[in-house]
There are 2 protein chains.
Amino acid sequence: VVTTDAIVAGVHFLAGDPPETIAQKALRVNLSDLAAKGATPRAYLLTAAWPGDFDDAWVKAFAWGLKRDQKRFGITLIGGDTTSTPGPLMLNVVAIGEVPSGRMIARAGAKPGDEVWVTGSIGDAALGLKVLKGELELTAPHMKALVARFHIPEPKPQLGSKLIGLASAGLDVSDGLIADLGHIAAASRVSICVREADVPLSSAANAAVAKGVSLVELLTGGDDYELAFTAPVSARGRLEALAKVTGVRLTRIGEVAKGRGVSVIDGAGKAVPYSRAGYTHF
Amino acid sequence: VVTTDAIVAGVHFLAGDPPETIAQKALRVNLSDLAAKGATPRAYLLTAAWPGDFDDAWVKAFAWGLKRDQKRFGITLIGGDTTSTPGPLMLNVVAIGEVPSGRMIARAGAKPGDEVWVTGSIGDAALGLKVLKGELELTAPHMKALVARFHIPEPKPQLGSKLIGLASAGLDVSDGLIADLGHIAAASRVSICVREADVPLSSAANAAVAKGVSLVELLTGGDDYELAFTAPVSARGRLEALAKVTGVRLTRIGEVAKGRGVSVIDGAGKAVPYSRAGYTHF
């Protein structure tokens with residue numbers, strides 16, 4: 001499996017973010033893609049476009065971030081390109097992973113009757129960005145937790161490869177939960193219904209909702225880098241066991257049916273209108 | 001073989017360049033890398049960071065350039081990433097090629113006594129950029145030829161795979177001939193001596209030299225995307241035959257010896273001082 005994801009200062013991270021977390025984010029958004037495909041990470045290439053105003057200390061901290069994650073995720077830098085740019089720092093990583101031949105988890109494959117699952121909690125990174133922009137105030141530990149989720153995603157490689165044979169379709173949540181489930185629905189030619197109240201939120205996100213942040217923002221904010229996948233009802237027991245073994249929280253949030261598109265229902269079963277499904281670049 | 005090369009507006013091309021040639025350059029600088037390794041192109045990924053001020057006509061012309069080169073070079077787009085950027089247009093291509101196991105042409109491998117070869121002509125693209133910047137005036141056909149070389153490199157995939165078993169080391173000339181031969185010398189732990197007068201120049205480049213442009217500029221200008229390689233003397237006959245079969249001009253420009261670094265000698269055998277070896281980004 002070969003995957004590529006770029007991050008740009010001012011779009012995916014802020015220019016003033018700690019260099020080691022920028023390095024980790026560049027790498028991890030790609031590890032998240034590999035995990036979503038059921039692939040085990042092997043190697044990566046890094047293209048860096050530098051504005052030219054970075055000092056040695058910055059680059060050293062950046063390299064330290066890469067080194068730390070290389071060790072943790074068992075992945076090695078095997079090449080890349082370095083260029084100057086008159087624009088913002090941009091980092092493009094190409095990650096290469098291994099998957100048993102013909103068993104990659106694709107976007108197509110979800111079937112009516114399947115259940116929709118998601119890892120971890122949704123909306124934290126989008127809230128972390130709001131905190132960094134000064135648009136959201138919570139308790140100090142909550143704000144710290146949300147900012148950490150924005151700075152450093154937590155990919156789930158330990159889970160990804162074990163989903164082979166269980167998940168019928170899958171991807172990682174980067175544009176926003178609703179938008180990304182829309183990609184599964186479109187590729188699989190099915191409809192997906194999400195129960196808004198079942199989407200897992202962190203305690204910090206719950207505190208933000210209590211302060212008036214809308215659930216819509218969390219379900220469309222993006223940058224989550226959690227895995228979303230569909231699986232037949234028959235896989236439920238094995239998935240619950242897998243959650244225990246890997247320590248990754250797994251939550252059932254909806255169902256697959258015939259039809260097209262993604263719908264969201266509230267606790268009373270009423271459709272919730274979503275004017276936008278996720279982050280769009282243009 | 002997996003290789004990646006990025007191009008940035010204002011660094012590798014000009015923002016006002018024709019969109020189809022920008023697409024072709026993004027792809028071809030990578031095809032040139034594959035050829036240098038002896039690899040046959042198979043597939044590529046494209047990451048595009050768009051400033052957001054591109055209209056449909058621009059994107060259509062860009063896609064047309066990609067399509068044209070996909071057909072010509074037998075390569076298919078298999079993935080990528082699209083993002084917005086507050087900076088200039090940046091395109092990162094990852095090209096994947098195939099080479100018989102263990103037979104890739106590396107930078108290490110040049111041996112004392114080997115000869116140094118280069119394809120095509122050197123310095124045209126750097127002169128093309130000077131023309132575009134209004135720094136060089138020649139006859140209209142000469143200026144047109146040089147600008148074309150800057151806009152659209154001519155990778156040599158038809159030659160690359162046939163160099164396996166003949167070339168002892170190789171790469172493509174992107175930073176500048178002297179700098180890139182320096183990479184071979186360093187990786188191979190040898191020295192390389194280049195005969196300045198033997199470096200192949202186009203008639204347009206010769207006209208520029210007659211107008212006062214120094215040879216140093218041509219040998220360090222970069223952006224050539226020609227192949228430079230070393231080969232034992234015993235391969236000379238087969239290489240000359242290969243030049244005839246493929247229609248690619250091949251020229252012997254120097255020798256490999258014990259020692260370190262790259263030296264350049266003039267027609268009288270006297271060392272020519274080179275204060276810079278190639279284009280540096282910082």
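The values are calculated or read from the model by the stated rules, or taken from the named source; none is laboratory data. Since this is a predicted model, take the numbers as computed values, not measurements. Cβ: placed from backbone, ideal geometry, glycine included. Neighbour counts: every protein chain shown. Ligands, DNA and RNA are excluded from the accessible area calculation, which covers all protein heavy atoms including side chains. Shrake-Rupley method; radii C 1.70, N 1.55, O 1.52, S 1.80 Å.
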Length gained, A:Asp56-A:Thr139, 0.36 nm per residue minus C-alpha separation, equals 26.3 nm
Expressed in angstrom and rounded, the centroid-to-centroid distance over alpha carbons for the stretch B:70-120 and the stretch A:124-140 is 42
Residue by residue through the stretch A:219-232, the couplings from Karplus 6.51 cos²θ - 1.76 cosθ + 1.60 with θ = phi - 60°, in Hz, x for Gly and Pro, are 7, 10, x, x, 6, 6, 6, 9, 8, 10, 8, 10, 8, x
By accessible area (1.4 Å), largest first, A:Ser203, A:Ser174 order as A:Ser203, A:Ser174
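Pull out the extension gain between A:Arg236 and A:Ile78, defined as 0.36 nm times the separation in residues minus the alpha carbon to alpha carbon distance; nm, one decimal. Walk me through the numbers before you get to the answer.
Working: separation 158, 0.36 × 158 = 56.88 nm, distance 3.87 nm.
Length difference between fully extended and current span is 53.0 nm.
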One would report the antiparallel percent of DSSP beta bridges in the protein assembly as shown, rounded to the nearest 5, as 70
In the B-onto-A rotation, chain B's nearest residue to the axis by C-beta, with distance in whole Å, turns out to be B:Gly87, 1
Within 10 Å of the Cβ of an average residue in A:90-97, the count of other chain Cβ atoms is 5
Here the percent of antiparallel bridges among DSSP beta bridges lying wholly in the stretch B:128-282, to the nearest 5, is 65
For B:Val11 the rounded accessible area (nearest 10 Å², probe 1.4 Å, non-protein molecules ignored) is 30
Heads up, chain A by the C-alpha gyration tensor (a ≥ b ≥ c square roots of eigenvalues; a/c under 1.5 rounded, else a/b over b/c prolate, else oblate) looks oblate
Descending packing, highest mean Cβ count within 10 Å first, for A:208-216, B:161-169 is B:161-169, A:208-216
Applying the gyration tensor rule to the Cα atoms of the stretch B:41-129 (axes a ≥ b ≥ c; rounded if a/c under 1.5, else prolate if a/b exceeds b/c, else oblate), the class is prolate
With +1 on the Cβ of every Lys and Arg and -1 on the Cβ of every Asp and Glu, the dipole magnitude of the stretch B:155-239 about its Cα centre, in debye rounded to the nearest 20, is 420
The distance between the Cα centres of the stretch A:31-61 and the stretch B:157-192, in whole Å, is 27
Within the set B:Gly176, B:Gly80, B:Gly16, GNM on chain B using Cα springs under 10 Å gives the largest fluctuation to B:Gly16
GNM on chain A, Cα springs under 10 Å; top mean-square fluctuation among A:Glu135, A:Glu98, A:Glu255 goes to A:Glu135
The helix A:236-246 Cα axis meets the longest alpha-carbon principal axis of chain A at an angle in degrees, between 0 and 90 and rounded to 10, of 30
Sorting from shortest, the nanometre distances separating the label point of B:Ile78 (7 Å past Cα along the line to Cβ) from those of the same residue in the other copies are 1.3
Calculated from DSSP helices alone, with each H run of at least 4 adding -39500 (n - 2.57) and the total divided by the residues of chain B, [θ]222 nm to the nearest 500 comes to -10500 deg cm²/dmol
With the label set 7 Å along Cα→Cβ, A:Pro51 is separated from its counterparts in the other copies, in nm and shortest first, by 1.6
Given 4 °C, 1.567 mPa s and a Kirkwood radius over Cα pairs, the Stokes-Einstein diffusion coefficient of the stretch A:109-158 in µm²/s is 103
Checking A:Gly267, A:Gly182, A:Gly221 against a Gaussian network model of chain A (alpha-carbon springs below 10 Å), the top fluctuating residue turns out to be A:Gly267
Distance in nm between A:Ala197 and A:Ala63 label points, each 7 Å along Cα→Cβ, equals 5.5
Percent antiparallel among DSSP beta bridges confined to chain B, rounded to 5, stands at 70
Once A:Gln158 and A:Lys211 are pulled to full extension, the length gained, defined as 0.36 nm per residue separation minus their Cα-Cα distance, is 15.6 nm
